[in-house]
Amino acid sequence: MLKSILKGSAATLIASGIMAGAASAEEIRIYFNAGHGYDTYLEVFEEFEADNPGWTVAFERYQWPDLRTKLVADFAAGNPPDLVAEPGAWVPEFAQQGLLYNLDDLAARDRAEFDYPGDWQDASVEKNTVDGSLYGVQIHLTCATLLYNVDMLKEAGYDNPPTNWAEFREIAKATTRNGVFGFAPNAVWAYSMPWVMQNGGRYYDPETGKIAFGSEAAAEGVQFLSDLIHEDRSAPVPVTGADYEGPQRLFTAGRAAMIITGPWDINPIRTGNPDLNWAVAPSLKEVEQATIQGGVSLMIPKDAQYPEQAWDLIKRLTAVDVEVATSLQYSMTMPRKSWLNDPEVQADPILGQFGACLPYSRDVTLELRQAGKYNPAIDEVLNGAIDEVLFANEPAAEVLAAAEDEANAILANE
Amino acid sequence: MTYKTRRTLTAYAFLSPAIVYFLIYFFWPIAIEFWASFRSGQPLIGDSAFVGLKNYAHILNDRLAIKAIKATLIYAIGSVVFTLVLALGLSALLVGPVRARNGIRAILFFPYIISFVISALMWRAILDPYTGLLNAALAKVGLPQQFWLVDPDTAIWTLIAVSVWKDLGYAVLIYIAAIQGIPAHLYEAARMDGARRHHLFRDITLPLLMPTTLFLAVVIMITSLQEMALPYLMTQGGPANATRLYSLHVYETAFQGLNIGYASALSFAMFMLILLITWAQFKLLHRDIRHV
């Protein structure tokens, strides 16, 4: 009796082990940003599961730094997920290390039904191309531009938003009063780059092959921002932290008249303060009209267990109808040309304004990444330098020149 | 097989799961990290090459690493000194006939049992210069706005204050237990010899608490030297890298900078520094105390 019970138990254990093995063999693992778990994407996963009986989608969401930590650990363990979302700089970085799946063959095979890269805006294809091969597919393409509180500007006597630095400074001063700031800057270094680029400065100069954020133009841009904080007192010292929502929260609470942000902040503002009368303006023009470009790409690790299924999910997640539905529901801007031409998208005033800044927006570190020289340590150097200017009120020209030397030394050591 | 051998083998048999666990999950990764610390490129995830001691030598030229070491030493020493001084004072008060002393002890100990993530996020919200409770309270009483976490000069001290707030209850608890363990006849004899209250504290309590002080100093120093969660959650190492503690620097170097070989060298350098500081603490604070 005891023997038969033991035999039965063993058989059950073996069977359940086999079944568990079978179940896990049909699970596709996806890493995504915590804020991008949109219903439209969850519906895509449900459809995928319905079309592929026995398959499940393990949708794991993390903040970007945590996602990267987990991904690097997975690469080290030889157990990466099947599909990964990345915030803009990881595709060339990991592709150059041979860690990503080359998508050329898959894209060529399916071109008739899925026009990649033909239907994608050039900037988004450039970001995902390494040595002439495709390693990622852009799913969101964003830019940061000016948001302003219409009522506050009107109260201060301005019917229109600023178009250049002088107007911006004047309006920021005029709208500043007790507890309310004319402008709320962001602590993250990349948000200082619109000022640098608008003044003709840049992060990297491909002609000289050197870091260029110590130039006079770049220093003037950061100094302008610092002067708003320390001289005019029309902007608060930004708050450091793990998130970059501080300016959005001040704007939503009616405590800042202007902020610079991207489409990801549209919904938090709408839901946080439905009565707020606000609008989106084109980016400022000083020497040139410019702003930062961002976005998210999808990539398949080279050692992914199910690259075919991951590619199938990429096609579903970036389908035009999914892009349109996601952008209308969540105000996210998208990379496909057919999305930009969609009548519903063009009719949406907010999306339209963000869409309008995409053509003149630039990915700050793209040139350096394309040169195969990108090193996140350089971002750290720039971040520290901008902090010293904005927080400690150090002169931008000196600090950025020293940072440029340090960054170029890092490049030289590469 | 002798009885002694059987006993030894039995003991090892029982210990073997723990030994295997530590070998696999602690010592093996440490060995791999040590190997990686002598390599450039991408050891563990990609191509790498042996570079000898180059990674270790580079630490001396790494401006951010030097800044992180300085910030970490300030943070660790500040946390130890303020926690121990405050804990000693409070425990000396709380062993006496204080009303509601159990309630006060519970309140002091409460922060220690809160998750550090909750503590960090709570303090970040409270200390926000524009929307935080503390500045709102200061404004109510007519005091100027403060920039605790935003000013590079004050940010590290603010982190120390949060760390002290969190660890104080634990140190008080240990000190109270130690004070209660001091034999009463020592105080009685001293009183008979005319000793006053401050003499009792200085000449009996304080010396007899040296082993406890050493224990607390070592434990708080080691955890402070390894601190990462607090700056990661509250400031991300800013402003101007003022709160970029060493562990955060190692993490950023490894996972954001993908410089895994160098990050491994940084980790081992910190391991050696902690060993050195702990040895120095034992040398400075260790007293062979016997009371009869």
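The values are calculated or read from the model by the stated rules, or taken from the named source; none is laboratory data. Just so it is clear, the model here is predicted, and its values are computed rather than measured. Here Cβ is always computed from backbone atoms with ideal geometry, including for glycine, and neighbour counts include all displayed protein chains. Heavy atoms of the whole protein, side chains included, go into the accessibility calculation; ligands, DNA and RNA do not. Shrake-Rupley method; radii C 1.70, N 1.55, O 1.52, S 1.80 Å.
Am I reading the B/A interface right? What is its buried accessible area, both sides, 1.4 Å probe, to the nearest 100 Å²? Each step should come with its number before you reach the end.
Numbers: alone 17560 and 18030 Å², together 33000 Å².
For B against A, buried area totals roughly 2600 Å².
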If each part is reduced to its alpha-carbon centroid, segment B:213-272 and segment B:14-47 end up apart, in Å, by 20 Å
What's the center-to-center distance, using Cα atoms, between segment A:374-414 and segment A:314-345 in Å?
37 Å
Per the 1.4 Å probe, what fraction of the accessible area of segment B:55-286, in percent, lies on carbon and sulfur atoms?
71 percent
Long pairs among B:Lys67/B:Lys283; A:Lys127/A:Lys337; B:Lys166/B:Lys283; A:Lys210/B:Lys67; B:Lys67/B:Lys166, criterion Cα-Cα beyond 23 Å
B:Lys67/B:Lys283; B:Lys166/B:Lys283; A:Lys210/B:Lys67; B:Lys67/B:Lys166
Which residues, if any, in segment B:51-81 lose at least 50 square angstrom of accessible heavy-atom surface (probe 1.4 Å) when the other protein chains sit next to their chain rather than the chain being alone?
B:Arg63
With just the Cα atoms defining each centre, how far is segment B:140-196 from segment A:71-123? Give it in Å.
54 Å
Given H placed on each backbone N at 1.01 Å, which residues far from A:Gln138 in sequence or on other chains put an amide H within less than 5 Å of it?
A:Leu298
Give a residue-ordered list of calculated ³J(HN,Hα) values for segment B:87-104 (Karplus: 6.51 cos²θ - 1.76 cosθ + 1.60, θ = phi - 60°; whole Hz; x for Gly, Pro).
5, 5, x, 5, 5, 4, 6, 7, 7, x, x, 9, 5, 6, 5, 5, x, 5
Measuring with a 1.4 Å probe in the full set of protein chains, what accessible area per residue, in whole Å², belongs to segment A:69-154?
32 Å²
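Quantify, in whole percent, the carbon and sulfur part of the accessible surface of chain A (1.4 Å probe; protein heavy atoms only). Walk me through the numbers before you get to the answer.
Numbers: 8390 of 16760 Å².
For chain A, the apolar C and S fraction of the accessible surface comes to 50 percent.
Counting only trypsin sites (Lys or Arg not before Pro) that sit in a DSSP loop (anything but H, G, I, E, B) with at most 14 other Cβ atoms within 10 Å, what is the longest stretch of chain B containing none of them? Don't jump to the answer; show the numbers that get you there.
Details: sites that count: B:Arg99, B:Arg196, B:Arg287, B:Arg290.
Longest site-free region, per DSSP loop and neighbour criteria: B:1-98.
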Provide Rg and Dmax in Å for the protein assembly as shown, with only Cα atoms included in the calculation.
29.7, 101
Between the chain alone and the structure with every protein chain in place, find the residues of segment B:139-188 that drop at least 40 Å² of accessible area; heavy atoms, 1.4 Å probe.
B:Val150
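Roughly how many debye, to the nearest 20, is the charge dipole of the protein assembly as shown about its Cα centre, given +1 on each Lys and Arg Cβ, -1 on each Asp and Glu Cβ, and no other charges?
Working: 50 positive and 74 negative charges, 945 e Å.
Dipole of the protein assembly as shown, to the nearest 20 debye: 4540 debye.
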Dipole axis of segment B:55-286 (+1 Lys, Arg; -1 Asp, Glu on Cβ), positive-most option in B:Trp165, B:Gly78, B:Pro97:
B:Pro97
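Roll a 1.4 Å probe over the protein chains and send me the accessible area per residue for segment B:55-286 in Å².
Details: 11200 Å² over 232 residues.
Counting only protein heavy atoms, the per-residue value for segment B:55-286 is 48 Å².
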As I understand it, the dipole of the protein assembly as shown uses +1 on the Cβ of Lys and Arg and -1 on the Cβ of Asp and Glu, about the Cα centre. Which of B:Ser264, A:Thr333, B:Tyr21 lies farthest toward its positive end?
B:Tyr21
Using the Karplus curve 6.51 cos²θ - 1.76 cosθ + 1.60 with θ = phi - 60°, work out ³J(HN,Hα) for each residue of segment A:54-60 in order, rounded to whole Hz, and write x for Gly and Pro.
x, 9, 10, 9, 8, 9, 9
Near the amide H of B:Arg39, under 5 Å away, which other amide H atoms are found, from residues 5 or more places off or on another chain, if H is placed in the peptide plane?
B:Val51
Can you list the residues, at least 5 places off or on another chain, whose amide H is less than 5 Å from the amide H of A:Lys210, using H built in the peptide plane?
A:Asp205
